[in-house]
Amino acid sequence: MKSVIIGGAGFIGTNLAIHLARETDDQITIIDREDYYFDTLKSLNLPRITYKAAPFSIDADFDEQVKGQDVVYHLASTVIPGTSNQNVPAELEANIIVTAKLLDTCVRQEVKKVVFISSGGAVYGKKGTCPIPEDTVTYPISSYGIQKLAIEKLLYLYHYQENLDYRVIRLANPYGPYQRPNGRLGVVTTFVYKALTDGKLVVYGDGSVVRDFIYIEDAVRAINKIVNGNSDLRIFNLGSGKGTSVNELISDIKESIASELEVEHIATRAADVPVNYLDISRYEANYGKLNPLSLKDGILKTAQFMKETGMVK
C-alpha cells in the first residue's frame, strides 16, 4: 500500500512514519514545508520512505502530492489551540479552504482513504459529560476546534457526494519521543523536560484542568488499526480513557523523575476546557483493548528518550 503523510515531519507524523516503516510494508511519502524538517526522520534510516518539501496552502499542487496514493494522512495545521483565536478569518482560510482543495484532489486522483487527525478535546468544548463519547454534541470554544470540526464535516460531505472513504481520529493529548518541549503543545513532554533541566514549571490557572494523556506509541498503533480495520464507523475517539489533572501530572513527575520542582501559576487561558477525557469504548469494541501505557511509565520512557538522544544531560 502507498501512504502519504501531509504535515508528516512533526511529532505525530514522525512517530506514525516510524510505526508504518517498522510494522507494515507501506511505501511512505512524507510531505512538509521545508527540507530541513525531515532531518530527524532521515537520521533514522527507515525503509521505504521518500520525502517531499511542499506547502500546505491554497496554491499547493495537491495532484502531485497525492497522485498514486492509496491512503492520505492529513496532519497539516497552521495553528495550535492556545493561540487559535488570534486571527480567526486567516486561520479558517488557511486550514478549511485548503483542506477542501485537498479533498477535491483526492477525489480526482482516486485516493482510497483519507485519515484526518482531529482533536479529542477542542471539538467537544465544555458541553460534554466525561468520559466523552463520539456522539456528544460539539460546541468548540476555540477557532482550532471549529476548524477541526469543519474538516470532519467536509469529509462527511465528500463521502456522501463522491464516495471518498475516510477516518477521523479525535485524538486526546499525545506525548513522548520527538515532541518538542517548547511549552506550546504537550504539557507532559514540556514538564518532563523542565524537570530534567531547570526544574521550573509554569502552570496555567490553579492546576485543576483535567486532560486525557496518551503515550504516542499507543496512539500510532491504534491509528494504524483504525485505518486498516473493517468497521463501518468513521469517527473514533483515541486517548487513555482516563482524566488526569495538571496537579496530578506534577505529582507523578515528582514521584518518577524529580522530587524537587518549582511551580509558577499564571493566568488561565480562555480557550482551555476545564475537564476533558474521552470515552474510548467504541475503539475497544471494534479493535480490542487499548491497554495504554500508564502515565508514570510514559513519563519514565519520555525522560529516558530525552537522555538517550542528548536533549538533556
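The values are calculated or read from the model by the stated rules, or taken from the named source; none is laboratory data. Computed from a predicted structure; not experimentally measured. Ideal geometry is used to build each Cβ from the backbone, glycine not excepted, and the neighbour counts take in all protein chains shown.
A few remarks follow.
- Count - residues of the stretch 151-196 that are aromatic (Phe, Trp, Tyr) and either in contact with a Cys (Cβ under 7 Å, 6 or more places away or on another chain) or over 22 Å from PHE116 (Cβ atoms) (or both): 2
Residues are listed down the side, and each one gets a yes or a no for (1) closer than 18 Å to THR78 by Cα; (2) buried (at least 19 other Cβ atoms within 10 Å of the Cβ):
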residue	(1), (2)
ILE97	yes, no
LYS101	yes, no
ASP104	no, no
VAL107	no, no
LYS112	no, no
SER119	yes, yes
LYS126	no, no
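This table checks each residue for (1) assigned to a loop (DSSP other than H, G, I, E, B); (2) over 28 Å from LEU149 (Cα atoms); (3) under 22 Å from the mean Cα position of the chain (by Cα); (4) modelled with pLDDT of 95 or more.
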{"site": "LEU233", "(1), (2), (3), (4)": "yes, no, yes, yes"}
{"site": "SER240", "(1), (2), (3), (4)": "yes, no, yes, yes"}
{"site": "SER251", "(1), (2), (3), (4)": "no, yes, no, yes"}
{"site": "GLU255", "(1), (2), (3), (4)": "no, yes, no, yes"}
{"site": "VAL273", "(1), (2), (3), (4)": "yes, no, yes, no"}
{"site": "ARG282", "(1), (2), (3), (4)": "no, no, yes, yes"}
{"site": "LEU290", "(1), (2), (3), (4)": "yes, no, yes, yes"}
{"site": "THR302", "(1), (2), (3), (4)": "no, yes, yes, yes"}
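- The set of residues in the stretch 48-62 that are more than 17 Å from ILE97 (Cβ to Cβ) and either outside the structural domain of ARG22 (by TED's automatic domain parsing) or exposed (fewer than 14 other Cβ atoms within 10 Å of the Cβ) (or both) contains only THR50.
- Meets criteria (closer than 23 Å to ASN224 by Cα, crowded, with 23+ Cβ neighbours inside 10 Å and touching a helix residue (DSSP H, G or I) at 6+ places or on another chain (Cβ under 7 Å)) for TYR175: yes
- Output for the stretch 33-65, where each listed residue is of a type in the set (D, E, K, R) and without any contact (Cβ under 8 Å) to a residue 40 or more places away in the chain: ARG33, GLU34, ASP35, ASP39, LYS42, ARG48, LYS52, ASP59, ASP61, GLU64
- Condition broken by LEU233, with the remaining ones in (1) in contact with a strand residue (DSSP E or B) (Cβ under 6 Å, 6 or more places away or on another chain); (2) within 26 Å of LYS126 (Cβ to Cβ); (3) assigned by TED's automatic domain parsing to the domain that holds TYR166 satisfied: (1)
- Qualifying residue in the stretch 214-221 (condition: touching a strand residue (DSSP E or B) at 6+ places or on another chain (Cβ under 8 Å) and surrounded by fewer than 23 Cβ atoms within 10 Å (Cβ to Cβ)): no
- Scanning the stretch 65-85 for any residue that is touching a Gly at 6+ places or on another chain (Cβ under 6 Å) and either surrounded by 15 or more Cβ atoms within 10 Å (Cβ to Cβ) or outside the structural domain of GLU134 (by TED's automatic domain parsing) (or both) turns up at least one such residue.
- Residue check, VAL210 within 24 Å of ILE169 (Cβ to Cβ), surrounded by 14 or more Cβ atoms within 10 Å (Cβ to Cβ) and in contact with a Cys (Cβ under 8 Å, 6 or more places away or on another chain): yes
- Within the stretch 73-121, being within 17 Å of ARG167 (Cα to Cα) and in contact with a Pro (Cβ under 8 Å, 6 or more places away or on another chain) holds for one residue alone: SER119.
- Here the stretch 203-245 is the region considered, the condition is being in contact with an Asp or Glu (Cβ under 7 Å, 6 or more places away or on another chain) and of a type in the set (Ser, Thr, Tyr), and the residue that is nearest to PHE305 (Cα to Cα) is SER240.
- Of the residues making up the stretch 182-203, just one is buried (at least 19 other Cβ atoms within 10 Å of the Cβ) and either under 11 Å from the mean Cα position of the chain (by Cα) or in the same structural domain as PRO140 (by TED's automatic domain parsing) (or both), namely GLY186.
- In this structure, ASN87 does not qualify as at pLDDT 95 or above and out of contact with any Leu (no Cβ under 9 Å at 6 or more places or on another chain).
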